[in-house]
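The values are calculated or read from the model by the stated rules, or taken from the named source; none is laboratory data. Since the model is a prediction, treat every value here as computed from it, not as a measurement. Quick reminder, even Gly has a Cβ in these numbers, built from the backbone with ideal geometry, and neighbours come from all protein chains shown. The protein model used for the area step is the full one, side chains on, heavy atoms only, and it has no ligands, DNA or RNA in it. Shrake-Rupley method; radii C 1.70, N 1.55, O 1.52, S 1.80 Å.
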Amino acid sequence: IFIRQILGWREYVRGIYYLRMPELLNGNALAAEQPLPPFFWTAETDYNCLREVVSQSLRYGYAHHIQRLMVTGLFSLLLGVDPKKVHEWYLAIYVDAVEWVEAPNTLGMSQFADGGYLASKPYIASGNYISRMSNYCANCSLDPKAATGEKACPFTTLYWDFIDRHRKLIQSNPRISQQWRNYERMDAEKKKEIRKKAKELREKNSGSVV
């Protein structure tokens, strides 16, 4: 932590890149295999936060760190996108994406593909986080608090589904184990509805543009 936070993040990341290459690029600790959603190349999606961030990224070749980590990166992580595809998209889209700094941040911090070598936990959150940290949800037809139903936010649905699918990882990590306990308090029927909705989202975002 001292090296990372005091001496400097970029120096820490640069060291990881030279220590872990080339195997870093093939890391997939969560066995994520979904294709990158087609709207990452068009910004044509009903999800307002993703539409805004992807559109900005395609137009300017730039997005703020939080937009990368907690909007496009978070959606990819929760959806289960192949981390190498996410890495390739970031490297292709952003004008400041130099591989030695982009790869460890994307594959390690954003997608947890290295299994926790760079960061000690996957950066997961529901739509509520995006609602608190931005104004994207104010212009969205979906409810950031809803995991099921017609107005369900895909981030919230996929957040709970991620916790269910990766329960062993969540349970064993003291930084996020409380999130598992929150999931456990849900009734069985709601869990079933979440799994069904998450499956629909993965199917919807693996083919034609949403």
For residue 85, indicate whether it is surrounded by fewer than 23 Cβ atoms within 10 Å (Cβ to Cβ), part of a helix (DSSP H, G or I) and not β-branched (Val, Ile, Thr). yes
So for segment 109-121 (the condition being more than 18 Å from residue 71 (Cβ to Cβ), modelled with pLDDT of 95 or more and small (Gly, Ala, Ser)), does at least one residue qualify? yes
Considering only residues that are open to solvent by 40 Å² or more (accessible area, probe 1.4 Å) and within 24 Å of residue 26 (Cα to Cα), look in segment 144-168 and name the one that is farthest from the chain's Cα centre (by Cα). 168
Check segment 27-37 and report whether any residue there is over 18 Å from residue 122 (Cα atoms), buried (at least 20 other Cβ atoms within 10 Å of the Cβ) and not charged (D, E, K, R). yes
Is it true that residue 55 is of a type in the set (S, T, N, Q), under 16 Å from the mean Cα position of the chain (by Cα) and modelled with pLDDT of 95 or more? no
Scan 24, 30 and give me the residue that is among the aliphatic types (A, V, I, L, M) and modelled with pLDDT of 95 or more. 30
Taking the stated definitions as given, is residue 77 in a helix (DSSP H, G or I), within 20 Å of residue 200 (Cα to Cα) and either modelled with pLDDT of 95 or more or open to solvent by less than 10 Å² (accessible area, probe 1.4 Å) (or both)? yes
Mind listing whichever residues of segment 119-143 are in contact with an Asp or Glu (Cβ under 8 Å, 6 or more places away or on another chain) and open to solvent by 50 Å² or more (accessible area, probe 1.4 Å)? 141
I'd like to know if segment 101-118 contains one or more residues that are outside any loop (DSSP other than H, G, I, E, B), open to solvent by less than 30 Å² (accessible area, probe 1.4 Å), farther than 24 Å from residue 174 by Cβ and of a type in the set (D, E, K, R). yes
Subset of segment 176-207 (residues that are within 17 Å of residue 128 (Cβ to Cβ) and assigned to a loop (DSSP other than H, G, I, E, B)): 176, 185, 186
If you take the residues of segment 38-69 that are of a type in the set (D, E, K, R) and closer than 17 Å to residue 89 by Cα, which of them is most open to solvent (accessible area, probe 1.4 Å)? 59
Might you let me know whether segment 34-52 holds any residue that is assigned to a loop (DSSP other than H, G, I, E, B) and in contact with a Cys (Cβ under 8 Å, 6 or more places away or on another chain)? yes
